[in-house]
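The values are calculated or read from the model by the stated rules, or taken from the named source; none is laboratory data. Everything numeric in this text was worked out from a predicted model, so none of it was measured. Every residue, glycine among them, receives a Cβ derived from its backbone with ideal geometry; neighbour counts consider all protein chains shown.
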Amino acid sequence: MCCMAAGMACHIGILTVSDRVSRGEYADRGGPAIDDYLTDVLSSPWKAVARVVPDELPRVCDALCDMVDNAGCCLVITTGGTGPAPRDITPEATESVCQKMMPGFGELMRQVSLQKVPTAILSRQTAGIRGTCLIVNLPGQPRAIVECLDAVFPAIPYCLDLIGGPYLTTREPRLVAYRPKKPKK
Amino acid sequence: MCCMAAGMACHIGILTVSDRVSRGEYADRGGPAIDDYLTDVLSSPWKAVARVVPDELPRVCDALCDMVDNAGCCLVITTGGTGPAPRDITPEATESVCQKMMPGFGELMRQVSLQKVPTAILSRQTAGIRGTCLIVNLPGQPRAIVECLDAVFPAIPYCLDLIGGPYLTTREPRLVAYRPKKPKK
Amino acid sequence: MCCMAAGMACHIGILTVSDRVSRGEYADRGGPAIDDYLTDVLSSPWKAVARVVPDELPRVCDALCDMVDNAGCCLVITTGGTGPAPRDITPEATESVCQKMMPGFGELMRQVSLQKVPTAILSRQTAGIRGTCLIVNLPGQPRAIVECLDAVFPAIPYCLDLIGGPYLTTREPRLVAYRPKKPKK
């Protein structure tokens, strides 16, 4: 069920940030991994808005703004561009288009990834809010995408409730969306 | 014992940030929970400076500045306004009035709350220093207030020592304030 | 082995930030502790570039810039000045000279230190990248220096690979530098 008119799917943006994918030198693995994940866990209707852009700050900012402001996405998930390399600028782009940052997302994703690899601390991924949309950065590797989403997704439907987004539901027990019993004071 | 003149209580600010409480639609539960907590753990003399303001950036900033600069608080604890909702602006107000941010407080409080609810990552609470006062944001729910304070309070008396505040003491074993044996180099 | 010309050691900066050490009132314990640590764990050739400066923002910024831009350091490790006291400004200096911040370093170091002392949350240490150099803040105490470096050093050689620095190798099993099998997409 969706809080919007029956049958109307909410839009979820999937933004692949990669020079090589955008030039066609590499197949996009991150974007499809996110799409598969959402198909797996969401039971409410949704529609993917997928894009690929190179690791250039204005291009990533423009894509994020367009997905939120014009395509009406309630959630945008990015993949790639979160490392320390000179061209990794996805967190900076995210911060520059958001009104509010959500430090808990990056902290938890790094904590979870640290249980697998000590280089998890090199990931600078973050999350923030633009209008009524939540933007979440994920790393580029498909395996890390699933790990990170399993950690943070339980909090995403309630986050969208709080910022005026659609009512997402998930397939339990695959993924249990947590909503406190009482509305927040 | 207090480092100030004998019998002179230090001032601790308790700031409830909530539209509904400020309009009288809701009883303040966060502020009294903080007062109860401080009464429970502090053995040195202190006096509460309690205020309630709506979730408006200039109002929260003004209240924080007044509690620190005019009421002479050595510690201000806020409750409410730390979530992702459009009107949740307590962390932004805190950052705007502080000279120095203390990221470790928010990290630890989210980590502790995560053991209870996966939505703990939605809390954006932080802490910072204005002059010789430490400002700490807490969530709105009384139960979460106790959990968060139990996690960070052991470090607060030493923090006040370092920033030139009064010497707080706690009721052991309820709460053990940690102070390193040697003064920090 | 170093990726640079054979026999050419990479430069690693060790910056002690302390009023008292800089005035000669105190022996520098942090700087030598970092030097000992690097001697212990690194197997590739390196050369220390050591400095001591007082806790003054322009002095710390100038020292960091000089070590990176003129002395050609690929890694600068600071000690001291990360606490909440008015003169503790090392994190601010670091942030002001870096193009990119690496929040995962501070998060992990505080997490590790928290297992020893509850006052670990008072440390504001961070890390960032200036050009092709990684700058990492450490606390002042020699014991905490080893704990923090043991936590983050496994990720440092790969970080330098990603930002265009030299190829560092470590003495195993004392310290295992982690590098993913495939280059990051």
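Scanning segment A:44-60 for residues that are away from every other protein chain (no Cβ under 14 Å) and of a type outside the set (D, E, K, R) turns up A:S44, A:P45, A:W46, A:A48, A:V49, A:A50, A:V53, A:P58, A:V60.
The residues of segment C:108-120 that are of a type in the set (A, V, I, L, M) and either farther than 13 Å from B:Q111 by Cβ or within 19 Å of the chain's Cα centre (by Cα) (or both), listed by number, are C:L108, C:M109, C:V112, C:V117, C:A120. Taking into account only those residues within segment C:116-127 that are closer than 21 Å to B:T126 by Cα and of a type outside the set (A, V, I, L, M), which is surrounded by the fewest Cβ atoms within 10 Å (Cβ to Cβ)? If we take residues in segment C:116-127 being closer than 21 Å to B:T126 by Cα and of a type outside the set (A, V, I, L, M), then C:P118 is surrounded by the fewest Cβ atoms within 10 Å (Cβ to Cβ). What single numbered condition from (1) buried (at least 16 other Cβ atoms within 10 Å of the Cβ); (2) more than 13 Å from the chain's Cα centre (by Cα) fails to hold for A:P86? Exception for A:P86: condition (1). Kindly indicate whether B:T94 is in contact (Cβ under 8 Å) with a residue 60 or more places away in the chain and surrounded by 24 or more Cβ atoms within 10 Å (Cβ to Cβ). Answer is no for this residue. Candidates C:T78, C:T82: the one that is assigned to a strand (DSSP E or B), under 21 Å from C:M109 (Cα atoms) and in contact with a Leu (Cβ under 9 Å, 6 or more places away or on another chain) is C:T78. Out of the residues in segment A:61-112 that are out of contact with any Cys (no Cβ under 7 Å at 6 or more places or on another chain), more than 14 Å from chain B (Cβ to nearest Cβ) and among the aliphatic types (A, V, I, L, M), state the one that is farthest from A:R124 (Cα to Cα). Out of the qualifying residues, it is A:A71.
For segment C:165-174, the criterion of being touching a helix residue (DSSP H, G or I) at 6+ places or on another chain (Cβ under 9 Å) and either without any contact (Cβ under 8 Å) to a residue 60 or more places away in the chain or within 12 Å of chain B (Cβ to nearest Cβ) (or both) is met by no residue. Scanning segment B:161-180 for residues that are touching a Phe, Trp or Tyr at 6+ places or on another chain (Cβ under 9 Å), surrounded by fewer than 22 Cβ atoms within 10 Å (Cβ to Cβ) and modelled with pLDDT of 95 or more returns B:D161, B:T170, B:L175, B:Y178, B:R179.
Taking the criterion of being more than 12 Å from chain A (Cβ to nearest Cβ) and in contact (Cβ under 8 Å) with a residue 40 or more places away in the chain, the residues of segment B:6-30 that qualify are B:C10, B:H11, B:I12, B:G13, B:I14, B:L15. For A:G140, state whether it is closer than 15 Å to B:D88 by Cβ, in contact with a helix residue (DSSP H, G or I) (Cβ under 7 Å, 6 or more places away or on another chain) and facing another protein chain (nearest Cβ under 10 Å). Here the answer is no, as A:G140 does not meet what is asked. The residue that is nearest to C:A144 (Cα to Cα), counting only those in segment C:10-32 that are acidic (D, E) and surrounded by 15 or more Cβ atoms within 10 Å (Cβ to Cβ), is C:D28.
As a summary of the residue check, C:R130 satisfies the conditions (1) away from chain B (no Cβ under 14 Å); (2) closer than 21 Å to A:S113 by Cβ; (3) among the basic types (K, R) except for the one numbered (2). Quickly run through segment B:33-61 and pick out the residues that are of a type in the set (D, E, K, R) and either part of a strand (DSSP E or B) or surrounded by 15 or more Cβ atoms within 10 Å (Cβ to Cβ) (or both). Scanning segment B:33-61 gives B:D35, B:K47, B:R51, B:D55, B:E56, B:R59. Would you check if A:I135 is on the phi < 0 side of the Ramachandran plot, modelled with pLDDT of 95 or more and in a helix (DSSP H, G or I)? Against the criterion (on the phi < 0 side of the Ramachandran plot, modelled with pLDDT of 95 or more and in a helix (DSSP H, G or I)), A:I135 does not qualify.
Which residue is nearest to C:P84 (Cα to Cα), if the candidates are limited to segment B:85-107 and must be in a loop (DSSP other than H, G, I, E, B) and of a type in the set (D, E, K, R)? Checking each candidate, the answer is B:D88. The residue that is farthest from A:P166 (Cα to Cα), among those in segment A:132-146 that are surrounded by fewer than 20 Cβ atoms within 10 Å (Cβ to Cβ) and out of contact with any Pro (no Cβ under 9 Å at 6 or more places or on another chain), is A:R143.
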